[in-house]
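A quick write-up on the structure given underneath.
The values are calculated or read from the model by the stated rules, or taken from the named source; none is laboratory data. What you are looking at is a predicted structure, and each value in this text was computed from that prediction instead of being measured. Cβ placement follows ideal geometry from the backbone for every residue including glycine, while neighbour counts extend to all protein chains displayed. The protein model used for the area step is the full one, side chains on, heavy atoms only, and it has no ligands, DNA or RNA in it. Shrake-Rupley method; radii C 1.70, N 1.55, O 1.52, S 1.80 Å.
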Amino acid sequence: MDSTITNEITVDVHLPPGGPLSGMAADVRAGLTKPFKELSPRYFYDERGSELFEAITELPEYYPTRAERAILERQAAGICASAGSPTTLIELGSGSASKTRVLLDAMDKAGCLEAYAPVDISEQITRDTAEAVAAEYGITVHGLVCDFERDLERIPLAGPRVIAFLGGTIGNFEPAQRASFLARVANLLGPEDHFLLGTDLVKSREVLEAAYNDSAGVTAAFNKNVLSVLNRELGADFDVDAFEHVAFWDDENLWVDIRLRSLARQLIEIPSLGIRVAFGRGEEMRTEISTKFARDGLAGIYAEAGLEIVDWWTDPEGLFALSLTRRADQA
Ligand code: TRP
């Protein structure tokens, strides 16, 4: 390694006291005491949940991860050029940054890459990613451990920057939450900055429903695992086998609606919240929505947030899209 390369690693941690799960009790209580019960998707990803999600991304039916990777692999150089050869890549929900390396490689090749900022809720993963990327690319890495829905404005590093939010996770936001998130991202963008967003696209019911109801049952296990998380973290007494996985395409809302259905009448005790929750036989509780987009609809959503599309790429089969935007008032 060239010892004259000075790469700096900084990791700022802005988690509330109590860590990533600190708001969990109040949040779960609010969701389970509504007439139509719901749980936030943020509790899926304990160790087992993360492993199961990894397995989902490798299922034959679950195309989004592969489709997004295919776009990045084919278009990374074009993305870098359309974004004005940015010096800095900021990645929201960076995780282990496996797809990111495709973008970093393209920026490196174009000679513009100076810095990377992974932003994630998991401190350990962010530290590991920061160290690995700094070593591999010899660049400055400024990691930020936070809930980016809360601490978006703390994002470090000067530009020109590209802020990337990959994986289609924007589809898991409710419409109002999505609108305010995009408006806040728009506010962070300077005249030379861009926002790169991964979105899954509307397609046939068959393909969409298969992606969330795989034949091996991995998705069902992943969905039901959230109940084990509540049992462990909150002392709840959910019988995981007394619920079944449900996922269906809602063609009015343009989302896959993901739920857990109670197979019996049952009463769940959650002592740490001081509540009991009654489920009727067949009652469904929402655990996630996964919104799918079309280019026109997305352009409208961007416009409301003050963003405009600069470029748009899909995979050869047209399953998934990456779109590059900038602030509409700074064009
Ligand atoms: N965010 C992923 C998606 O919307 C997560 C996911 C895949 C998921 N399969 C799931 C979430 C099943 C809940 C249940 O595609």
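Scanning the range 209-230 for residues that are within 12 Å of the ligand (Cβ to nearest atom) and not aliphatic (A, V, I, L, M) turns up E209, Y212, N213, D214, G217, T219, F222, N223, K224, N225.
Taken over the range 58-71, the criterion of being under 16 Å from S215 (Cβ atoms) and surrounded by fewer than 20 Cβ atoms within 10 Å (Cβ to Cβ) is satisfied by E58, L59, P60, E61, Y62.
Reported count of residues in the range 124-151, each being within 28 Å of P17 (Cβ to Cβ) and free of Cβ contacts under 8 Å to residues at least 60 places away in the same chain, is 7. Elements of the type helices (runs of 4 or more DSSP H) sitting completely within the range 29-116 and holding at least 3 residues that are farther than 12 Å from L166 by Cβ and under 15 Å from the mean Cα position of the chain (by Cα): these cover 47-57. Of the residues E206, E192, E233, the single one that is open to solvent by 60 Å² or more (accessible area, probe 1.4 Å), closer than 25 Å to P16 by Cα and either within 16 Å of the ligand (Cβ to nearest atom) or not polar (S, T, N, Q) (or both) is E233. Within the range 288-309, the set of residues being part of a strand (DSSP E or B) and either open to solvent by 50 Å² or more (accessible area, probe 1.4 Å) or charged (D, E, K, R) (or both) comprises E288, E308. Only one residue in A158, A176 is aliphatic (A, V, I, L, M), within 23 Å of D250 (Cα to Cα), more than 16 Å from the ligand (Cβ to nearest atom) and exposed (fewer than 13 other Cβ atoms within 10 Å of the Cβ). Which one? Just a single option satisfies the conditions, and that option is A176.
Elements of the type strands (runs of 3 or more DSSP E) sitting completely within the range 237-280 and holding at least 2 residues that are under 21 Å from P35 (Cβ atoms) and within 14 Å of the ligand (Cβ to nearest atom): these cover 243-250, 255-262.
Of the candidates T140, T169, the single residue that is touching a strand residue (DSSP E or B) at 6+ places or on another chain (Cβ under 6 Å) and of a type in the set (S, T, Y) is T140.
Checking each residue of the range 122-132 against the condition of being over 19 Å from the mean Cα position of the chain (by Cα), of a type outside the set (D, E), assigned by TED's automatic domain parsing to the domain that holds L189 and closer than 24 Å to D46 by Cα gives at least one match.
For the range 41-64, name all the residues that are farther than 14 Å from S290 by Cβ and not hydrophobic (A, V, I, L, M, F, W, C). Once the filter is applied, which keeps residues that are farther than 14 Å from S290 by Cβ and not hydrophobic (A, V, I, L, M, F, W, C), the range 41-64 yields R42, Y43, Y45, D46, E47, R48, G49, S50, E51, E54, E58, P60.
Exactly one residue out of E68, E51, E47 is closer than 28 Å to Y137 by Cα, free of Cβ contacts under 8 Å to residues at least 12 places away in the same chain and not assigned by TED's automatic domain parsing to the domain that holds L322: that is E51.
To keep it simple, each residue is scored yes or no on (1) modelled with pLDDT of 95 or more; (2) within 19 Å of T88 (Cα to Cα).
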site: I125; (1), (2): no, no
site: F165; (1), (2): yes, yes
site: E174; (1), (2): yes, no
site: P191; (1), (2): no, yes
site: A220; (1), (2): yes, no
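Of all residues assigned to the range 311-330, none qualifies as being open to solvent by less than 20 Å² (accessible area, probe 1.4 Å), in contact with a strand residue (DSSP E or B) (Cβ under 7 Å, 6 or more places away or on another chain) and in a loop (DSSP other than H, G, I, E, B).
Close Cβ contacts (under 7 Å, 6 or more residues apart or on different chains) running from residues in the range 308-331 that are closer than 15 Å to G190 by Cβ and in the same structural domain as F195 (by TED's automatic domain parsing) to residues that are loosely packed, with under 14 Cβ neighbours inside 10 Å and of a type in the set (V, I, T) are absent. Would you be able to say whether some residue in the range 13-36 is open to solvent by 30 Å² or more (accessible area, probe 1.4 Å), β-branched (V, I, T) and at pLDDT below 95? Yes; the residues of the range 13-36 include at least one that is open to solvent by 30 Å² or more (accessible area, probe 1.4 Å), β-branched (V, I, T) and at pLDDT below 95. Answer yes or no: is there a residue in the range 254-277 that is acidic (D, E), in contact with a Leu (Cβ under 7 Å, 6 or more places away or on another chain) and surrounded by 14 or more Cβ atoms within 10 Å (Cβ to Cβ). No: zero hits.
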